[in-house]
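Enquirer: Right, I'll just put the structure down here and ask away after.
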Amino acid sequence: MREEGQTSKHLLLASVVTMVGMMLLLITVAFSWELWMVPIFLIGNAMVWVLHIGRIGSEQFYENLCIGLLLIGFFFFGVHSVSLYDIPAVACIVLLIFSMLDKKLPLYMVAGLYVMQLLYHYLILHNGDHSTSIQNLIRLALGATVVVGAVLIARQRINRRMEDKRRHRNTFAQLEAAKRQNAEFLSNVSHEFRTPVNMVLGLSEVALEKEISPEIRADIQSILMAGKRLSNQINKILDYTEIVEGTLTSAREEYMITSVLNDVMTTTAMQSSKRHLEMVFDIDPRIPAVLIGDAEKISHVLKIFLENSIKFTDEGGVNICIEYRRESYGLNLLIDIYDTGIGMTDAQIAQMYDDFYQADSSSSRFVGGLGLGIPIARGLLQAMGGFMHCESTDQQGMQTHITIPQGVADETPSMTVDNAGRLCIACYFRPERYSCDAVRGYYDKLILHLVEGLGIEGYQAHNFEGLLKLQNSHALTHVFIAQSEYEENRAYYEELAGTIQVAVIAEREFALDRDSRLLVLRKPFFALSVANILNGNIKENNFEETQAAGRRPFTCEGVRVLVVDDEEMNLVVAKGVLGSYGIKVDTCLSGREAVRRCAEGSYDVIFLDHMMPGFDGVETLKRIREIDNGAYQDLPVIALTANTISGAREMFRDEGFTEFVPKPIERPVLERVLRRVLPKNYIQPIPIPAAGEEQDSIAHPAFQEVHSEPCQDIAPVEEAGQEDGGSEPYAALAQKGIDVQIGLDYCGGDGAFYLEMLQMFSSQGREKQEEIAALYEAANWGDYAIKVHALKSTSLTIGAQELSGQAKLLEQAGKREDVAYIQENHQQMLRLYQEVCESIAGLSVFSE
């Protein structure tokens, strides 16, 4: 298939070939030459246009066809006696046409045909007998000179054009190389920045746990906020470098679009509340509940555009509307994001896709950023097969339209209500309270989508009298009112709540009286929150519950799993994490032992390390599948790996794994995988206490994650019996590049478990260092890569990110047998390993 850039040249070539063919046709008819050539000219020209219009065949084939037709026409014209002195003119025309192409051979073919035609005239037609006069000889000599000159000029044009193309290709290659080097440099710098930034964040969180003055606390909180902002920018740079390097791939896994929207809402809610913006999350309730695609990338794209909208909007609001369109492969997600911000001019929209572009790049611009958000979003969308376009008028807001193709795993609507035919709702918002007409439209559209999508009866009232009329004329079951409307007439709504359900859409800081019977919908306003109230699922829809929608905690009592890893510390972590779900966990240290265990007993799931000495993960998986003539063919086998590169899921599935879980194990990822691979009857939800109910004394870790305050750095120290207080032990760890909060997160917030992991890491340090050193001395780079791969995951489990990063680079060098890099960095990694172990061993918790 020919490239788009060749279309104009090929159109000109087709036009010229057609003109030459038509002239030859007329000459043939006029001079009564061989008329059988007429259909050849017509068929040839028709073929040229069919290939051109249909874009059929390669560029090479198309050009060769045109060259062949022109050479045939030139030869046909030149072999007739009356054309002897006109041959040079036709030859020059053909040479001029051929000079458009990057081929020299056709030029020489024209010159050769010209010589053959002259010989044909003198030797066969004997035209030389009549052309020996001095005038005719001069005409022939002049013609030959013109043809030779035309050949030389055409060749010079082609040479110059080819040289220009070579120079442009070289320049482009240099630019691409520079772009990749720039991306690699940014990636390396970002990784270097990440360690000190994480140290700043960790030390700031530790310092906030101490008894300090309010002034110092405010300063440290500012430092923490600035550190998090810098960390976010570093992550953007890393995303950008992955897109530039072309390593970005899209996953295809099942997910719930409502859960994705919940996560996005959680992230952006605080930003919008600080600016007092109206955030409206609108979704068509009929969208299938479970889609197939890359939920993480979709979430990332939405966050980028919503954060941009919030950043450039001073007043009014932001609306995200998600609809869908059926397609043969499933559906297209249609995502529209509207805001009432400053908008962009046409010139700014044309440049917004450029890397590092800022619409306002002056030193006085009022928002920050690197200018990478839109390029990253575009790269993510392209990886998913989607696209986007933006519309805006300066100072009149922005409209972003996104389309993403997705598969469908479950056709059930994402939102439904029980007994929809019996429900009748009324929504009371006074439109004049909103300074911006667009915000009123956001709410009106959401209510319309809800009523139509859920199949319920619904009405809107724009004043109190209208609400009273609706109450008298319809059997209302639910009334939704804005906070300001409630505050105008509290007594009426409290009385009304005695007969029907009344919900107030309010800010986060709003609170009802203790004895109030009303419900509260916390902003931002989300369609799922309304559906939950209509279903009677919650008594008060607070902000935390909205975040938790679709992520209810569960246990897996009765499930038996086998965890296989050559690193004992990883086994302890896996056993602790999986055990918290009520799972019975067996462990083993090698693939060979795993095969024996599977032959002796049965398991519901196997978690298998991908890189192990001896039997690696793939070989172990193959042997397990062969046990008892394929008895384990359908058994879920989950790859455990520290290689979380883009496209890892597809790579492991191609190797035969059911799923994969990155190391260190993160609970949200683990829960998503467990829900996917286990039968539904094994997933036993834990009831979430309603407002005012007390929680059981033993809470599931996922429940704590959603409904309790995040675990603070000081907590595990107190649990371990630290009495002098403080969080000094953790400060000592932070000085060695250990991010305590990351370690606690991987240990489920269990301080005692984290201390156990620290102690195990330190106690095994000398033995592991000796093993790595022995492999280094033996130049056994394959096993060396396996050992530092294990160190990469275990060090990250305790939060030692710098050590994990160095181990990762050495692992990659070992795989490609880059001896020079290993020799240069091996000792530095071992020194850091030793320092980390010594800093852990020196903790007062372990020395007492």
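The values are calculated or read from the model by the stated rules, or taken from the named source; none is laboratory data. Because the structure is predicted, anything quoted here is derived from the model rather than measured. Cβ placement follows ideal geometry from the backbone for every residue including glycine, while neighbour counts extend to all protein chains displayed. Protein only, heavy atoms only, side chains kept; ligands, DNA and RNA dropped before computing areas. Shrake-Rupley method; radii C 1.70, N 1.55, O 1.52, S 1.80 Å.
Enquirer: What is the diffusion coefficient of region 144-254 in µm²/s, taking the Kirkwood radius over Cα pairs and the Stokes-Einstein relation at 20 °C with a viscosity of 1.002 mPa s?
Expert: Stokes-Einstein gives a translational diffusion coefficient of 112 µm²/s.
Enquirer: Taking 0.36 nm per residue of separation and subtracting the Cα-Cα distance, what length does fully extending residue 119 through residue 600 add? Display every interim value, and only then the final one.
Expert: Numbers: separation 481, 0.36 × 481 = 173.16 nm, distance 9.20 nm.
Result for the pair: 164.0 nm of gain on full extension.
Enquirer: Ranked from the most accessible area to the least, with a 1.4 Å probe and all protein chains present, what is the order of 276, 789, 126, 474?
Expert: Of 276, 789, 126, 474, the descending order of accessible area is 276, 126, 474, 789.
Enquirer: May I ask for the net charge around residue 432, where only other residues with Cβ less than 15 Å from the Cβ of residue 432 are counted and Lys, Arg are +1 while Asp, Glu are -1?
Expert: Numbers: positive: 430, 433, 440; negative: 278, 437, 444, 465, 485, 488.
It works out to a net charge of -3.
Enquirer: Note down the net charge around residue 24, summing +1 for each Lys or Arg and -1 for each Asp or Glu among other residues with Cβ under 13 Å from its Cβ.
Expert: After counting each charged neighbour, the total is -2.
Enquirer: Share of region 377-438's accessible area from carbon and sulfur, percent, 1.4 Å? Can you show the working numbers first?
Expert: On the way: 1250 of 3000 Å².
Summing carbon and sulfur atoms, their accessible area is 42 percent of the total for region 377-438.
Enquirer: List the extent of the Cα atoms of region 224-266 along each of their three principal axes, largest first, rounded to whole Å.
Expert: 34, 30, 9
Enquirer: Please give the length that would be gained between residue 677 and residue 138 if that part of the chain were fully extended, namely 0.36 nm times their separation in residues minus their C-alpha to C-alpha distance (nm, one decimal).
Expert: Gain on extension, residue 677 to residue 138, equals 185.0 nm.
Enquirer: In whole percent, what relative contact order does region 1-87 give with Cα contacts below 8 Å and a gap of six or more residues?
Expert: 37
Enquirer: Still on this model: On the protein heavy atoms, probe 1.4 angstrom, tell me the percent of accessible surface of region 77-174 carried by carbon and sulfur.
Expert: C and S fraction of accessible area: 68 percent.
Enquirer: Once you have the Cα-Cα distance between residue 23 and residue 105, take 0.36 nm times their residue separation minus that, and quote the gain in nm to one decimal.
Expert: Answer, rounded to one decimal: 27.0 nm.
Enquirer: Ranked from the most accessible area to the least, with a 1.4 Å probe and all protein chains present, what is the order of 324, 581, 122, 746?
Expert: 122, 324, 746, 581
Enquirer: Please work out the FRET efficiency for the pair residue 475 and residue 345, using the Cβ-Cβ distance as r and a Förster radius of 56 Å; give the result to the nearest 0.05.
Expert: 0.60
Enquirer: Would you mind checking the radius of gyration and Dmax of region 378-462 based on alpha-carbon positions, in Å?
Expert: 17.8, 47
Enquirer: State, to one decimal in nm, how far the label point of residue 58 lies from the label point of residue 823, with both points 7 Å from Cα in the Cβ direction.
Expert: 4.5
Enquirer: Measuring from label point to label point, each 7 Å out along Cα→Cβ, what is the residue 483 to residue 568 span in nm?
Expert: 5.6
Enquirer: Related question: How much accessible area per residue does region 240-311 have, in Å², with a 1.4 Å probe? Provide the component values of the computation, followed by the final result.
Expert: Numbers: 2390 Å² over 72 residues.
Counting only protein heavy atoms, the per-residue value for region 240-311 is 33 Å².
Enquirer: What FRET efficiency, computed as 1/(1 + (r/R0)^6) with R0 = 51 Å and r the Cβ-Cβ distance, is obtained for residue 38 and residue 178, rounded to the nearest 0.05? Working shown, then result.
Expert: Values: r = 57 Å, r/R0 = 1.12.
In this case the efficiency is close to 0.35.
Enquirer: Would you please calculate the Kirkwood hydrodynamic radius of region 1-115 over all C-alpha pairs and express it in Å, rounded to one decimal?
Expert: One decimal place: 14.6 Å for the Kirkwood radius.
Enquirer: Kirkwood hydrodynamic radius of region 431-534 from all distinct Cα pairs, in Å?
Expert: Working: mean 1/r = 0.0690 Å⁻¹.
Result for region 431-534 stands at 14.5 Å.
Enquirer: In nanometres, what is the gap between the two model label sites at residue 152 and residue 31, each 7 Å from Cα along Cα-to-Cβ?
Expert: Spacing of the two 7 Å Cα→Cβ label points: 2.9 nm.
Enquirer: A 24 angstrom limit on the alpha carbon distance is what I want to check against. Which of 9/165; 584/815; 622/815; 9/103; 236/297; 179/787 exceed it?
Expert: Violating the 24 Å limit, Cα to Cα: 584/815; 179/787.
Enquirer: If you don't mind, there's one more thing I want to ask. Can you list the residues, at least 5 places off or on another chain, whose amide H is less than 5 Å from the amide H of residue 424, using H built in the peptide plane?
Expert: Here 477, 478 satisfy the definition.
Enquirer: When all protein chains stay in place, what accessible area (Å², nearest 10, 1.4 Å probe) is found for residue 798?
Expert: 0
Enquirer: Over region 443-482, with every protein chain in place, what whole percent of the accessible area is carbon and sulfur at 1.4 Å, could you tell me?
Expert: The value for region 443-482 is 54 percent carbon and sulfur by accessible area.
Enquirer: If we count every other residue with Cβ under 13 angstrom of residue 229's Cβ, Lys/Arg +1 and Asp/Glu -1, where does the sum land? It would help to have the intermediate numbers written out before the result.
Expert: Values: positive: 228, 236, 311; negative: 307.
So the environment of residue 229 carries a net charge of +2.
Enquirer: Oh, and also: Using a 1.4 Å probe, how large is the accessible area of residue 85, given in Å² and rounded to the nearest 10?
Expert: Only protein atoms counted, so the area is about 70 Å².
Enquirer: Using protein chains only and a probe of 1.4 angstrom, how many square angstrom of residue 522 are accessible, to the nearest 10?
Expert: So the heavy atoms of residue 522 present about 30 Å² to solvent.
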